[in-house]
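Notes for the one structure printed next.
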Amino acid sequence: MNILIFGPNGSGKGTQGALVKNKYNVAHIESGAIFREHIGGGTELGKKAKEFIDRGDLVPDDITIPMVLETLKTRGANGWLLDGFPRNMVQAQKLWDALQSANIKLDYVIEILLPREVAKNRIMGRRLCENDNNHPNNIFIDAIKPNGDKCRVCGGALSARSDDQDEGAINKRHDIYYDDKTGTLAAAYFYKDLAGKGKTTYVELNGEGSIDSIRDTLLAKLA
Ligand code: AMP
């Protein structure tokens, strides 16, 4: 099973993605997480990517596209859920071309819809667990408030991503996401168009519901 998931930063994409990953037992490939691994490991790629990430800009395509396509090959042999990629039209087209030439089916494309202001507030409140980035913790959302300063799922230590606390960087990320001409929504609509031609299945979800209700709707729509 091969799945793409779209949603603005703050839409719960990572949380829902983790559920989808567990349902199908596929690799959860997150472009942002791969970059953070490189930065943590002090690699050349990480050093190059960091300045773009800290500003809230996209890392250039000539770094990002080969990195993601390579990861799909090495970690995605038994299926994948790709999260955070594609983020623009060039990436969307290159991914589709790569899948076509390798004869790989794209089973589902999921889009989580959420108004921009709602997404922004959620981002500023979210906290990352040291044990699992997809343990949901958000100081502004009652249902997933951390346990004091610890993860509500496992008690792990929490931290905030530096690019989550910078309003300018958040706005930039959302400018890119909500751009339906060349940005991430354009990439999502590229696949929506392909779904209209019967080449994949497009699933739209209202991101304003609770984690559980979105999950139930999502799992009901997937085979
Ligand atoms: P994320 O964890 O998805 O919010 O990604 C964190 C940052 O990594 C983004 O703000 C970008 O700077 C970079 N990044 C992640 N995915 C991509 C991508 N597909 N293309 C370019 N840059 C990306």
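Bear in mind that the values in this text are calculations on the coordinates, not laboratory data. As the structure is a computational prediction, the values presented were derived from the model and not from experiment. Counting neighbours? That spans all protein chains shown, and the Cβs are built from the backbone with ideal geometry, glycine included.
Scan the range 72-96 for residues that are touching a residue at least 60 places away in the same chain (Cβ under 8 Å), farther than 21 Å from P60 by Cβ and either assigned to a strand (DSSP E or B) or hydrophobic (A, V, I, L, M, F, W, C) (or both) and jot them down.
Passing the criteria: W80, L81.
Does the range 62-82 hold any residues that are in contact with a helix residue (DSSP H, G or I) (Cβ under 9 Å, 6 or more places away or on another chain) and more than 7 Å from the ligand (Cβ to nearest atom), and which are they? Outline the logic, then answer.
We begin by selecting, within the range 62-82, every residue in contact with a helix residue (DSSP H, G or I) (Cβ under 9 Å, 6 or more places away or on another chain); these are 63-65, 67-69, 71-72, 79-82.
Residues satisfying the conditions are I63, I65, M67, L69, T71, L72, G79, W80, L81, L82.
Six or more apart or on different chains, Cβ atoms under 7 Å: show the pairs whose first residue is in the range 54-71 and touching a residue at least 60 places away in the same chain (Cβ under 8 Å) and whose second is among the small types (G, A, S) and surrounded by 18 or more Cβ atoms within 10 Å (Cβ to Cβ).
So the pair list comes out as R55/A169; G56/A169.
Can you tell which of K13, K23 is crowded, with 21+ Cβ neighbours inside 10 Å, of a type in the set (K, R) and under 17 Å from L205 (Cβ atoms)?
Values: K23 fails: crowded, with 21+ Cβ neighbours inside 10 Å.
Exactly one residue qualifies, and that residue is K13.
Select from the range 177-202 the residues that are among the basic types (K, R) and in a loop (DSSP other than H, G, I, E, B) and write down the one among them that is surrounded by the most Cβ atoms within 10 Å (Cβ to Cβ).
Within the range 177-202, the first condition is being among the basic types (K, R), and the residues that meet it are 181, 192, 197, 199.
Those left that are additionally in a loop (DSSP other than H, G, I, E, B): 181, 197, 199.
Details: K181: 8, K197: 7, K199: 13.
By that ranking, first place goes to K199.
Could you check the range 11-49 and list, in sequence order, the residues that are in contact (Cβ under 8 Å) with a residue 40 or more places away in the chain and either near the ligand (Cβ under 10 Å from one of its atoms) or polar (S, T, N, Q) (or both)?
At the first step, the residues of the range 11-49 found to be in contact (Cβ under 8 Å) with a residue 40 or more places away in the chain are 11-21, 23-33.
Answer for the range 11-49, where residues must be in contact (Cβ under 8 Å) with a residue 40 or more places away in the chain and either near the ligand (Cβ under 10 Å from one of its atoms) or polar (S, T, N, Q) (or both): S11, K13, G14, T15, Q16, N25, E30, S31, G32, A33.
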